[in-house]
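Sharing a structure, written as structure tokens. Questions coming.
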Amino acid sequence: MHIAETGLEEPMWVYLSFMRRLDREQRFVEHPIGVREIMGLALTSAAPLRSTVAQRIIESGILSNRVGAEPLLEIEFDGKLRKQTVDFRPRLPLMFQL
């Protein structure tokens, strides 16, 4: 496991080198609400993500980032086939797009 060096204003980035896609696929269990795949991640943060690792994650298309007053993580599942949004705010700064 590797934890990237970043400033306090950024999330903690953790890389699990021992996890391979094949391992995850073999251990896959159908989720009770029927979602199968994370298709997109969008993070709203108070400051732009500037660390080298954050830039690589953004450039690779894994994560999109925008600056905003309130933090928010939006997770898109299965290409938004259901056309539903579950908003966990104000308890959690999290939205699911199903």
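Could you tell me whether the stretch 2-97 comes out rounded, prolate or oblate from its Cα gyration tensor? Rule is a ≥ b ≥ c as square roots of the eigenvalues, rounded for a/c under 1.5, then prolate if a/b exceeds b/c, otherwise oblate.
Oblate.
Here is a follow-up. Which ³J(HN,Hα) values, rounded to whole Hz and listed in residue order, are derived for the stretch 86-98 from phi using the Karplus coefficients 6.51, -1.76 and 1.60 in 6.51 cos²θ - 1.76 cosθ + 1.60 with θ = phi - 60°, glycine and proline given as x?
10, 10, 8, 6, x, 5, 9, x, 9, 9, 9, 10, 9
Additional query: In percent, how large is the relative contact order of the chain, given Cα pairs closer than 8 Å and 6 or more residues apart?
Over the chain, the number comes to 23 percent.
Restricting attention to the chain, which chymotrypsin sites (Phe, Trp or Tyr not before Pro) occupy a DSSP loop and are surrounded by at most 10 other Cβ atoms within 10 Å?
In loop regions of the chain (DSSP not H, G, I, E or B), the sparsely surrounded chymotrypsin sites (Phe, Trp or Tyr not before Pro) are 18, 28.
If one computes the Cα centroid of the stretch 48-98 and of the stretch 1-27, what distance in Å separates the two points?
17 Å
If you plug each phi of the stretch 30-36 into the Karplus form 6.51 cos²θ - 1.76 cosθ + 1.60 with θ = phi - 60°, what whole-Hz ³J(HN,Hα) values come out, in order, with x for Gly and Pro?
Along the stretch 30-36, the couplings run 4, 6, x, 8, x, 6, 10 Hz.
Right, another one. What list of ³J(HN,Hα) values in whole Hz, one per residue of the stretch 45-60 in order, does the Karplus curve 6.51 cos²θ - 1.76 cosθ + 1.60 (θ = phi - 60°) give from phi, with Gly and Pro shown as x?
Each residue of the stretch 45-60 in turn: 9, 5, 10, x, 7, 10, 5, 4, 5, 4, 4, 5, 5, 5, 4, 7 Hz.
Which far-off residues, 5 or more places away or on another chain, put their amide H under 5 Å from the one on residue 40, with H placed in the peptide plane?
Hits under the 5 Å cutoff: 76.
Identify which of 36, 56, 21 has the largest mean-square fluctuation in a Gaussian network model of the chain, with springs joining Cα atoms closer than 10 Å.
Maximum among the listed residues: 21.
Shifting gears a bit: Considering the options 16, 61, 31, tell which one lies farthest towards the positive end of the dipole of the chain, charges being +1 on Lys and Arg and -1 on Asp and Glu at the Cβ, about the Cα centre.
Of the listed residues, the answer is 31.
Collect residues whose amide H, placed 1.01 Å from N in the peptide plane, falls under 5 Å from the amide H of residue 65; neighbours closer than 5 in sequence don't count.
Excluding prolines and chain starts, which carry no amide H, the hits are 43.
Return the long-range amide H neighbours of residue 13 (sequence gap of 5 or more, or a different chain), with a cut-off of under 5 Å between placed amide H atoms.
4
In addition: Quick check: net charge around residue 44, other residues with Cβ under 11 Å of its Cβ, Lys/Arg +1 and Asp/Glu -1?
Net local charge, residue 44 excluded: -1.
Exactly which GluC sites (Glu not before Pro) in the stretch 1-86 are in a DSSP loop and have at most 12 other Cβ atoms within 10 Å?
Hits after loop and neighbour filter: 5, 9, 30, 37.
About the Cα centre of the chain, how large is the charge dipole given +1 on each Lys and Arg Cβ and -1 on each Asp and Glu Cβ? Please answer in debye to the nearest 20.
200 debye
All of the numbers you see were taken from the coordinates with simple rules; none came from a lab. Note that this is a predicted model, so its numbers are computed, not measured. Neighbour counts are summed over all protein chains in view; Cβ atoms, including those assigned to glycine, are modelled from backbone coordinates with ideal geometry.
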